[in-house]
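Novice: Quick one: the structure is below, and I'll ask about it shortly.
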Amino acid sequence: MLSYRHGFHAGNHADVLKHLVYQYVLTYMGKKNKPFSIIDTHAGAGAYKLSSDFSAKNKEYETGIGKLWQLPSSELPEQVASYVDAVRRFNVESDSADLSVYPGSPWFALDNLPMEAKAFFHELHPADFELLREFVRTNRYRKVIKGDGFVESVGLLPPPSKRAVVIIDPPYEMKQDYQRVTEYVHTMWKRFSSGVFLIWYPVVDRFRIDKMEQTLRDSGIKNIQQFELSIEPDTEERGMTGSGMLVVNPPWTLKAEMEQVLPYLSKQLSDGAGWYRCEQLVDE
């Protein structure tokens with residue numbers, strides 16, 4: 001259960017989709033001059049050196065941010081350019097002009113969080129927890145919590161600000177994670193039905209994804225959008241061929257934005273075999 005380390009996958013095509021959507025949602029939430037809370041159920045280490053033993057082993061970043069990094073910002077769709085520029089800025093802050101480090105979800109949160117808003121980052125792996133605590137530099141507004149985010153975060157909703165974004169990104173090492181995700185979202189939605197919930201999932205086992213989708217359809221939760229990006233056709237023989245994001249209570253502009261972004265990413269990040277989904281899974 002504690003063998004998963006996100007460093008192996010940092011900056012890959014799945015991170016591109018996850019962080020691009022996450023950044024868009026956070027930017028949208030920040031347009032109102034009101035604080036909001038962020039809950040990250042599986043925060044990881046916070047940042048990843050691409051020269052580390054983990055990242056260098058398979059160099060998965062070359063299938064994601066590495067391909068976009070080489071392109072001029074003027075050639076990128078606006079939201080893709082915003083995402084790549086954020087990663088460039090993180091590298092500059094880390095004293096690197098080249099692509100040498102990749103920011104995890106906690107950095108995108110901290111980069112977009114209003115000053116007095118609250119963020120809660122959960123991590124179970126002991127080594128990543130220590131790295132995360134050092135990365136976040138906790139204070140009264142930013143908390144790092146060691147433990148199972150599915151359990152530890154339930155009491156955080158509803159938030160005092162009455163606005164919240166929850167990002168759910170388990171490793172899916174255990175098959176039960178698919179069911180735990182849907183149970184968790186339903187529990188949290190009942191506590192705070194106006195929250196924005198982002199669910200990331202890998203495209204490895206289509207049967208379990210279909211079951212997760214149907215469970216959400218039957219849950220009573222309204223307004224769910226789904227976005228998938230795959231760099232090759234489904235196959236259980238090659239591991240993760242793509243990933244997806246399910247967004248509950250998305251910004252009203254998100255789907256139109258992704259209808260422009262996903263075809264571009266599918267073309268840039270695959271060798272012609274890529275595909276994408278962009279649909280309203282459950283109506284408002």
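The values are calculated or read from the model by the stated rules, or taken from the named source; none is laboratory data. Bear in mind that the values here come from a model prediction, so they are computed numbers and not experimental data. A quick note on method: Cβ atoms are made from the backbone with ideal geometry, for glycine too, and the neighbour counts reach across all protein chains shown.
Novice: All but one of (1) at pLDDT 95 or above; (2) surrounded by fewer than 18 Cβ atoms within 10 Å (Cβ to Cβ) hold for Leu2; state the number of the condition that does not hold.
Specialist: (1)
Novice: Would you confirm whether any residue within the range 245-259 is of a type outside the set (D, E, K, R), part of a helix (DSSP H, G or I) and in contact (Cβ under 8 Å) with a residue 12 or more places away in the chain?
Specialist: The answer is yes; a qualifying residue exists.
Novice: Within the set of pairs 6 or more residues apart or between chains, which connect a residue that is modelled with pLDDT of 90 or more and crowded, with 17+ Cβ neighbours inside 10 Å inside the range 264-278 to a residue that is part of a strand (DSSP E or B) and not β-branched (Val, Ile, Thr) with Cβ atoms less than 7 Å apart?
Specialist: Leu265/Leu229; Ser266/Leu229; Ser266/Trp275; Ser266/Tyr276; Trp275/Ser230; Tyr276/Glu228; Tyr276/Leu229; Cys278/Phe227
Novice: State yes or no: is Val92 under 15 Å from Val16 (Cα atoms) and of a type in the set (Val, Ile, Thr)?
Specialist: It is false that Val92 is under 15 Å from Val16 (Cα atoms) and of a type in the set (Val, Ile, Thr).
Let's see how each residue does on (1) surrounded by fewer than 17 Cβ atoms within 10 Å (Cβ to Cβ); (2) at pLDDT below 95; (3) touching an Asp or Glu at 6+ places or on another chain (Cβ under 8 Å):
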{"position": "Arg208", "(1), (2), (3)": "yes, yes, no"}
{"position": "Arg217", "(1), (2), (3)": "yes, no, no"}
{"position": "Glu228", "(1), (2), (3)": "no, no, no"}
{"position": "Glu237", "(1), (2), (3)": "yes, yes, no"}
{"position": "Ala256", "(1), (2), (3)": "yes, no, no"}
{"position": "Val261", "(1), (2), (3)": "no, no, no"}
{"position": "Gln280", "(1), (2), (3)": "yes, no, no"}
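Novice: Same structure, new question: Tally the residues that are assigned to a loop (DSSP other than H, G, I, E, B) and among the polar types (S, T, N, Q), restricting the search to the range 268-284.
Specialist: Matching residues across the range 268-284 total 1.
Novice: So in the range 83-110, with the set limited to residues that are of a type in the set (Val, Ile, Thr) and within 19 Å of the chain's Cα centre (by Cα), which one is surrounded by the fewest Cβ atoms within 10 Å (Cβ to Cβ)?
Specialist: Val84
Novice: Can you say whether Ser100 is polar (S, T, N, Q), farther than 29 Å from Pro158 by Cβ and at pLDDT 95 or above, as far as the supplied structure shows?
Specialist: No, not satisfied.
Novice: Right, something else. Kindly evaluate Pro233 against the criterion of being more than 17 Å from the chain's Cα centre (by Cα) and either within 25 Å of Ile38 (Cα to Cα) or outside any helix (DSSP H, G or I) (or both).
Specialist: Here the answer is yes, as Pro233 does meet what is asked.
Novice: Please go through the range 208-256 and give me each residue that is acidic (Asp, Glu) and touching a Ser or Thr at 6+ places or on another chain (Cβ under 8 Å), ordered by number.
Specialist: Listed by number, the residues that qualify are Glu228, Glu232, Asp234.
Novice: Mind checking which residues of the range 91-109 are in contact (Cβ under 8 Å) with a residue 40 or more places away in the chain and closer than 17 Å to Ser52 by Cα?
Specialist: Correct list: Ser94, Leu99, Ser100, Val101, Tyr102, Pro103, Gly104.
Novice: If you don't mind, another one. Thr215 fails exactly one of the following numbered conditions: (1) hydroxyl-bearing (Ser, Thr, Tyr); (2) over 15 Å from Leu157 (Cβ atoms); (3) in a loop (DSSP other than H, G, I, E, B). What is the number of that condition?
Specialist: Here Thr215 clears every test but (3).
Novice: Of the conditions (1) more than 22 Å from Val181 (Cα to Cα); (2) modelled with pLDDT of 95 or more, Phe150 satisfies every one except a single condition; which number is it?
Specialist: (1)
Novice: Can you confirm whether the range 64-81 contains a residue that is surrounded by 23 or more Cβ atoms within 10 Å (Cβ to Cβ), in contact with a helix residue (DSSP H, G or I) (Cβ under 7 Å, 6 or more places away or on another chain), among the aromatic types (Phe, Trp, Tyr) and modelled with pLDDT of 90 or more?
Specialist: No, there is no match, as no residue in the range 64-81 is surrounded by 23 or more Cβ atoms within 10 Å (Cβ to Cβ), in contact with a helix residue (DSSP H, G or I) (Cβ under 7 Å, 6 or more places away or on another chain), among the aromatic types (Phe, Trp, Tyr) and modelled with pLDDT of 90 or more.
Novice: Please determine, by comparing only the residues of the range 13-35 that are polar (S, T, N, Q) and within 13 Å of Ala109 (Cα to Cα), which one is surrounded by the fewest Cβ atoms within 10 Å (Cβ to Cβ).
Specialist: Per the criteria, the residue is Thr27.
Novice: Just to be sure before I move on: is Gln179 at pLDDT 95 or above, farther than 24 Å from Lys32 by Cβ and touching a Leu at 6+ places or on another chain (Cβ under 7 Å) in the structure I sent?
Specialist: So Gln179 fails the test.
Novice: Name every residue in the range 49-106 that is assigned to a loop (DSSP other than H, G, I, E, B) and aliphatic (A, V, I, L, M), in order of residue number.
Specialist: Of everything in the range 49-106, those that are assigned to a loop (DSSP other than H, G, I, E, B) and aliphatic (A, V, I, L, M) turn out to be Leu50, Leu71, Leu76, Ala97, Leu99.
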